[in-house]
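The block underneath contains the structure these notes are about, expressed in structure tokens.
The values are calculated or read from the model by the stated rules, or taken from the named source; none is laboratory data. The structure displayed is predicted, hence computed values, not measured ones. For neighbour counting, all protein chains shown are included, and Cβ atoms are generated from backbone atoms with ideal geometry for every residue, glycine included. For the accessible areas, the whole protein counts, side chains as well, though only heavy atoms, and no ligand, DNA or RNA atoms are used. Shrake-Rupley method; radii C 1.70, N 1.55, O 1.52, S 1.80 Å.
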Amino acid sequence: EPEVTQTPSHQVTQMGQEVILRCVPISNHLYFYWYRQILGQKVEFLVSFYNNEISEKSEIFDDQFSVERPDGSNFTLKIRSTKLEDSAMYFCASSEARQNTGELFFGEGSRLTVL
Amino acid sequence: GEDVEQSLFLSVREGDSSVINCTYTDSSSTYLYWYKQEPGAGLQLLTYIFSNMDMKQDQRLTVLLNKKDKHLSLRIADTQTGDSAIYFCAKDNAGNMLTFGGGTRLMVKP
């Protein structure tokens, strides 16, 4: 069964460092998303991406964050100058369509620990 | 803003039915979802219901939607130890921007 894959599964970084989290969405999907879950808190929407540009973003997704589809398969989340409060599980997701069809598939997440 | 709430914890015995509840404040959604998260794993889509439906059944899973009370529930029949996980309800906003509840940890005792 097709799946969304994410790397790394866990990354530890020093505060102020840049981090890139990578995702390979399901191959025929056109819409890509990042969500995050701070430990003990709710899963929160960060950003959606389609046709090489951001479709929607939440207030969490400030100038510290950026997303990119550098090639035909990868979808990346870059966090510049990480802060302690960026420590969270980051989930990538993809879907075939933008309209809510009930088919949003998540990866297993990348745990980011900022020290 | 939108708020989705769930109870934190549910404990049941193997073979019993589990009912996980979710309430929300904003009724403007097309779909409502249930996701399962096992330890160390991602969010697995279990089932979803279209907002003009009251009930959806999928094998051991039954979803009930009460739009008047803004209440969603997930019933798991014949709960097994493998069902132990965190269950998240979620509702859509525009463009697959989901708002999640805080998750209910289901513990199944043998």
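Packing-based ranking of B:28-36, A:39-47 yields B:28-36, A:39-47, ordered from highest to lowest mean Cβ neighbour count within 10 Å.
Please report, in debye to the nearest 20, how large the charge dipole of chain A is about its Cα centre when each Lys and Arg carries +1 at its beta carbon and each Asp and Glu carries -1 there. Provide the component values of the computation, followed by the final result.
Values: 10 positive and 16 negative charges, 46 e Å.
That gives a dipole near 220 debye.
Just name one of B:GLN59, B:PHE88, B:SER7: the one whose Cα is farthest towards the positive end of the charge dipole of chain B (beta-carbon charges, Lys/Arg +1, Asp/Glu -1). Positive-most Cα among the choices belongs to B:GLN59. The residues packed around B:LEU72, meaning those with a beta-carbon under 14 Å from its beta-carbon, carry a net charge of -1 if Lys and Arg are +1 and Asp and Glu are -1. Listed by chain and number, the lysines whose C-alpha is less than 29 Å from the C-alpha of B:LYS56, apart from same-chain residues fewer than 8 away, are A:LYS42, B:LYS36, B:LYS67, B:LYS68, B:LYS70, B:LYS91, B:LYS109.
Maximal additional length on extending the A:SER27-A:LEU84 stretch stands at 17.1 nm, based on 0.36 nm per residue less the C-alpha distance. Here the Karplus relation 6.51 cos²θ - 1.76 cosθ + 1.60, evaluated at θ = phi - 60°, turns the backbone of segment B:77-86 into coupling constants of 7, 6, 4, 10, 4, x, 7, 4, 4, 9 Hz, with x for every Gly and Pro.
Shown for the protein assembly as shown: the carbon plus sulfur share of the solvent-accessible area, taken with all protein chains present and a 1.4 angstrom probe, equals 48%. Residues of segment A:5-54 whose accessible area, computed with a 1.4 Å probe over protein heavy atoms, drops by at least 10 Å² once all protein chains are present relative to their chain alone are A:TYR33, A:TYR35, A:GLN37, A:LYS42, A:VAL43, A:PHE45. Dividing the convex hull volume of the alpha carbon atoms of the protein assembly as shown by its residue count gives 122 Å³ per residue. With contacts taken as Cα pairs under 8 Å and at least 6 residues apart, segment A:1-90 reaches a relative contact order of 33 percent.
For segment A:9-54, the solvent-accessible area works out to 54 Å² per residue, with a probe of 1.4 Å and every protein chain left in place. For the chain pair A and B, buried accessible area totals roughly 1800 Å², probe 1.4 Å, rounded to the nearest 100. The largest-to-smallest principal axis extents of the Cα set in chain B are 40, 28, 20 Å. DSSP beta bridges confined to the protein assembly as shown are antiparallel in about 90 percent of cases. Taking one equal scatterer on every alpha-carbon of segment B:47-110, how large is log10 of I(q)/I(0) by Debye at q = 0.23 1/Å? Evaluating at q = 0.23 Å⁻¹ gives log10 I(q)/I(0) of -1.12.
Dipole magnitude for segment B:6-83: computed about the Cα centre from +1 point charges on Lys and Arg Cβ and -1 point charges on Asp and Glu Cβ, it is near 220 debye.
Only Cα pairs under 8 Å and at least 6 apart count here; give the relative contact order of segment B:1-53 as a rounded whole percent. Normalised by residue count, the contact order of segment B:1-53 is 29 percent. Please say if segment A:11-50 is rounded, prolate or oblate, where rounded means a/c under 1.5 for a ≥ b ≥ c the square roots of the C-alpha gyration tensor eigenvalues, and otherwise the choice is prolate for a/b larger than b/c and oblate otherwise? Oblate, because a/c is 1.5 or more while a/b does not exceed b/c.
Excluding B:PHE9 itself, calculate the net charge of residues whose Cβ lies under 14 Å from the Cβ of B:PHE9, where each Lys or Arg counts +1 and each Asp or Glu counts -1. Let's see the in-between values first.
On the way: positive: B:ARG105, B:LYS109; negative: B:GLU5.
Neighbour charge sum, excluding B:PHE9 itself: +1.
For segment B:1-43, a reduction of at least 30 Å² in accessible area between the chain on its own and the assembled protein chains (probe 1.4 Å) is found at B:TYR31, B:TYR35, B:GLN37, B:GLY42, B:LEU43.
Per-residue Karplus couplings for segment A:103-115, computed as 6.51 cos²θ - 1.76 cosθ + 1.60 with θ equal to phi - 60°, are listed in order as 10, 10, 9, 9, x, 7, x, 10, 8, 10, 10, 9, 9 Hz, Gly and Pro entered as x.
The dipole here belongs to the protein assembly as shown: it is taken about the Cα centre, uses +1 on the Cβ of Lys and Arg and -1 on the Cβ of Asp and Glu, and is about 340 debye.
Tell me, what is the per residue accessible area of segment B:1-97 in Å², probe radius 1.4 Å?
Working: 4670 Å² over 97 residues.
Result: 48 Å² per residue.
Taking amide H as placed 1.01 Å from N in the peptide plane, the amide H of B:SER7 sits under 5 Å from that of B:ASN21, each at least 5 places away or on another chain.
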